[in-house]
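Structure record follows, encoded as structure tokens.
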Amino acid sequence: MRSVFDLANQAWTLAGCVPFFWENAKAMETGAQPTFEIAKVPARLPGSVQGALLEAGIIPDWNAGVNHRACEWVENRHWVFETRVPLAWLKGKARARLLAEGLDGNGRVFWNGVCAGRFDNAFVPHAFELAIPKTTDDVLLMIVFETPPRWLGQFGRTSEMREWKTRFGYSWDWMTRLVQIGVYDRLRIEVRDDAAAPVFEAFRCYTEYDPATRQGVVRAQGDASGAHAVRLELRNAERVTATREYTPGELANGICWSVGEVAAWWPNNMGEQALYRVVATALDAKGVAHDCRERTVGFRRIEWRPCEGAPVAADPWICVVNNRPVFLQGINWTPIQCNFADATDAALRGRVNAWRDAGMNTFRVWGGAVLERGAFYEACDRAGMLVWQELPLSSSGIDNEPPTDAASLETLGQIARGYAVRRQHHPSLFLWCGGNELQTAHDGSPGCGKPLNASHPALRRAGEVFNALDPTRRFLATSSSGPNFYANFENYGKGVHWDIHGPWTLGDMTLEKWREYWAHDDALIRSETGAPGASSPELIRQYTGGMDPLPISLANPYWRRMPWWVESDAFARAHDGRAPADLEVYCAWSRARQAEALVIAFCSAKERFPRCGGFLFWMGHDTFPCCTNTAIMEFDGTPKPALDALRPFLKNGGAHVAQ
């Protein structure tokens, strides 16, 4: 039999020291340590080093003022998480493994004083073989995080970014620097009674659906080592609606199982989200069950059709779910907090549901972040949110093409495989993408270079993996995509605006000029568009960290933390040259301007459906308490006026024009 124990329920400690000082201990097998710079403090895993240090009062709240500067030293230490694993879990067992789905950083795992393996990729799951101890004591487990890469942030050369860790925490235009270190997804101990007993070494599945006949199909593939047979069941709640047995060889080659008539899964605002469970059980020759895998699935068909009037060569951007076209209206999803390892499953569910209740139906999980954990996807399944998941690649400004060396291509293929295997059963997942804003060298025109396509070696490799493992889902090389990155006014009517990013600000445009820009729009989809709006005065004051929020100027270090979206010049143009001197006045003006601008932009796209396939706001929620940003939801989850202004148009399926 196979048993799995969740290490989230264990008591963990965290200690820190200068690099490799911990390795100088003479008796690691007993847990003895030299005197660390940061003595042991309580910790939770999943969780981050920074979260544990904040709770212990060792570092300040990085969200306040410029406190993030007082936290950067954390990156320059080694950090040791440790716990005692109960001997009762291991006694009499034939095999044990540590299963880690999200190690955000690089380092080593020690088991009973012996190195069980290294890790250096935040985007793939890790499994470490653990020797069954002969001791009579509980066993010491240590996860040691070494110093992370020095720089993977927004600016640099994508072609030289060959270290696989979340990038946004190194700073972005909406984030200060907080390089998370820690465990952000499930951490478990797997034990087996008998090494030769039937067990699943791997299992994955996805579904197909015929809306005309309501017939469903489950496709599955896996390795049921040592099994005599594999029993598959489809369950609706606790009721078994279909069952069938296969040989391990059939499962290894991939099976196509017709499960009969099923209820459909629909996106938000279109119908119910019918969910089922696929239960796979490994049986021995006597029919005794030895191991089990469960996956939540839904049945829907997703197709892509050309936009009405689109150029013949253009990519299709009308998403059709169960034979019904749907306008993709949603947000670009970023982590709900910079130390996302500490975000609870309940917080993720709450944020997903808030966007559902606003009328959204789509999340683009942006390529500078991470594969969101299973709880996010499960919440999207239940909320009817379509998920566009990107690989962890993004533009960097100086050059924006992924690396092409053999090692990077191999690693990217492993990441793509890990993404597909872990998430492909979710009905909410509807599109894979190679990454964010990957493009050729800047040609001097607005909007940077030309979007890459699947002929680029890195994106071709990713496409090969997704097409082999998950052939029913679309793979998009990058976003934006097509002939042009950005929609310039002078190019309207030329058929060169397919999947378009920007604009993100009005710049020098008045609202009248902004309305004119959108009145001529011919993009097939706007997958990343926004306008800046200030946070509330109350939230701005809450996170000053003792700093004065006035003046509202880039001369003020508080506003200078993230200077991109501070529109003090635009305020002055609208107020007879007067600089903003009052926080309430500035915020009211900025928030109203954002609301009006986004209603104009969104409605111009939605009224063109099916000539336009969708509109995704950049960005959804703030990951950091920005004074002003393009987010339409505050850091604390409070809607900005822009989101409230958009609600009537999000929840109405017809074409509405903002007058």
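Order 450, 494, 165, 286 by their accessible area, 1.4 angstrom probe, all chains in place, largest first.
Values: 450 100, 494 130, 165 10, 286 185 Å².
My answer, sorted largest first, is 286, 494, 450, 165.
Are there any helices in the chain, counted as whole DSSP H runs, that stretch 15 Å or more along their axis by Cα and score at least -0.5 on average by Kyte-Doolittle, and if so which? Kindly include the intermediate steps, with their values, before the conclusion.
Numbers: long enough: 345-358 (20 Å, -0.72); 406-423 (26 Å, -0.03); 457-469 (18 Å, 0.15); 583-606 (34 Å, 0.50); 641-651 (16 Å, 0.25).
Going by DSSP H runs, the hits are 406-423, 457-469, 583-606, 641-651.
For segment 587-659, how big is Rg over Rh, using alpha carbon atoms and the Kirkwood form of Rh? Please report the intermediate quantities before stating the final value.
On the way: Rg = 12.7 Å, Rh = 12.8 Å.
Reported Rg/Rh, Kirkwood definition of Rh: 0.99.
Whole number in Å², please: accessible area per residue of segment 188-235, 1.4 Å probe, ligands, DNA and RNA not counted.
On the way: 1720 Å² over 48 residues.
Accessible area per residue, segment 188-235: 36 Å².
Can you work out ³J(HN,Hα) from phi for every residue in segment 42-54, in order, using Karplus 6.51 cos²θ - 1.76 cosθ + 1.60 and θ = phi - 60°, giving whole Hz and x for Gly and Pro?
With coefficients 6.51, -1.76 and 1.60, one gets x, 8, 10, 10, x, x, 10, 4, 4, x, 5, 5, 5 Hz.
Dividing the convex hull volume of the alpha carbon atoms of the chain by its residue count, what do you get in Å³ per residue? Write down the numbers at each step before the final one.
Working: hull volume 100.9 nm³, N = 659.
Per residue, the Cα convex hull of the chain comes to 153 Å³.
Give me the number: length gained by fully extending residue 554 to residue 150, i.e. 0.36 nm times residue separation minus the C-alpha to C-alpha distance, one decimal in nm. Walk me through the numbers before you get to the answer.
Values: separation 404, 0.36 × 404 = 145.44 nm, distance 2.69 nm.
Gain on stretching residue 554 to residue 150: 142.7 nm.
Considering only C-alpha atoms, what is the centroid distance from segment 615-644 to segment 119-143, in Å?
40
I'd like the distance separating the alpha-carbon centroids of segment 164-238 and segment 289-340, in whole Å.
Cα centres, segment 164-238 to segment 289-340: 19 Å.
Quick one: length gained pulling residue 201 to residue 494 fully straight, 0.36 nm per residue minus the C-alpha distance?
Values: separation 293, 0.36 × 293 = 105.48 nm, distance 5.28 nm.
Extra length from residue 201 to residue 494 when fully extended: 100.2 nm.
Ignoring ligands and nucleic acids, what accessible area does residue 399 show with a 1.4 Å probe (Å², nearest 10)?
40
What accessible area per residue, rounded to a whole number of Å², is obtained for segment 344-383 using a probe radius of 1.4 Å? Walk me through the numbers before you get to the answer.
On the way: 1010 Å² over 40 residues.
That works out to 25 Å² per residue.
Given R₀ = 30 Å, what would the calculated FRET efficiency be for residue 212 paired with residue 607, taking r from the Cβ atoms and rounding to 0.05? Provide the component values of the computation, followed by the final result.
Numbers: r = 31 Å, r/R0 = 1.02.
After rounding, the FRET efficiency stands at 0.45.
Straight-line reach only, C-alpha to C-alpha below 23 angstrom: list the lysines that residue 91 could link to, leaving out same-chain residues fewer than 8 apart.
Candidates past the 8-residue exclusion: 134.
In whole Å, largest first, what are the principal axis extents of the Cα atoms in segment 50-181?
Principal-axis extents of segment 50-181 (Cα, largest first): 54, 38, 19 Å.
Can you list residues from other chains, or at least 5 along the same chain, whose modelled amide H is less than 5 Å from the amide H of residue 498?
Residues meeting the criterion, in which the H sits 1.01 Å from N, are 484, 524.
As a quick test, which of the pairs 494/606; 165/640; 494/651 have an alpha carbon distance above 29 angstrom in this structure? Display every interim value, and only then the final one.
On the way: 494/606 21 Å; 165/640 31 Å; 494/651 32 Å.
Flagged as over cut-off: 165/640; 494/651.
Relative contact order for segment 401-553 using alpha-carbon pairs under 8 Å, separation at least 6, rounded to a whole percent? Write down the numbers at each step before the final one.
Details: 207 pairs, mean separation 28.8, N = 153.
Once divided by the residue count of segment 401-553, the mean separation gives 19 percent.
Which value at 222 nm does the chain reach when only helices count, each DSSP H run of 4 or more adding -39,500 (n - 2.57), with the total divided by all residues and rounded to the nearest 500 deg cm²/dmol? Before the final figure, lay out the partial values.
On the way: 13 runs with 133 residues, N = 659.
Calculated from helices alone, the mean residue ellipticity at 222 nm is -6000 deg cm²/dmol.
Would you mind getting me the FRET efficiency between residue 284 and residue 576? Use the beta-carbon distance for r and R0 = 60 Å, nearest 0.05. Numbers along the way, then the final one.
On the way: r = 84 Å, r/R0 = 1.39.
It comes to 0.10.
Check which residues have an amide H placed less than 5 Å from residue 297's amide H, if you skip close sequence neighbours.
Here 276, 277, 278 satisfy the definition.
Heavy atoms only, 1.4 Å probe, whole protein assembly: order 81, 21 by accessible area, highest first.
Heavy-atom accessible area, descending, gives 21, 81.
Compute the length gained on full extension between residue 243 and residue 39: take 0.36 nm times their separation in residues and subtract their Cα-Cα distance, giving the result in nm to one decimal. Show your work: numbers first, answer last.
Numbers: separation 204, 0.36 × 204 = 73.44 nm, distance 5.48 nm.
Extra length available between residue 243 and residue 39 comes to 68.0 nm.
Once you put a point 7 Å from the Cα of residue 324 and another 7 Å from the Cα of residue 18, both along the Cβ direction, what distance in nm separates them?
So the two model labels end up 6.5 nm from each other.
At a Förster radius of 22 Å, what calculated FRET efficiency corresponds to the Cβ-Cβ distance of residue 353 and residue 64, to the nearest 0.05? Provide the component values of the computation, followed by the final result.
Details: r = 28 Å, r/R0 = 1.28.
Computed FRET efficiency for residue 353 and residue 64: 0.20.
Carbon and sulfur atoms: what percent of the 1.4 Å accessible area of the chain do they account for?
About 50 percent, which is the carbon plus sulfur part of the accessible surface.
Defining a contact as two alpha carbons under 8 Å apart and six or more residues distant in sequence, what relative contact order in percent does the chain show? Before the final figure, lay out each step's value.
Values: 1602 pairs, mean separation 78.5, N = 659.
It comes to 12 percent, rounded to a whole number.
Ignoring everything but the protein chains, give the 1.4 Å probe accessible area of residue 228 in square angstrom, nearest 10.
Accessible surface of residue 228 is approximately 110 Å².
So how much accessible area does residue 461 have, in Å² to the nearest 10, using a 1.4 Å probe?
About 80 Å², ignoring ligands and nucleic acids.
The values are calculated or read from the model by the stated rules, or taken from the named source; none is laboratory data. Because the structure is a prediction, the values reported are computed rather than measured. Ideal geometry is used to build each Cβ from the backbone, glycine not excepted, and the neighbour counts take in all protein chains shown. Protein only, heavy atoms only, side chains kept; ligands, DNA and RNA dropped before computing areas. Shrake-Rupley method; radii C 1.70, N 1.55, O 1.52, S 1.80 Å.
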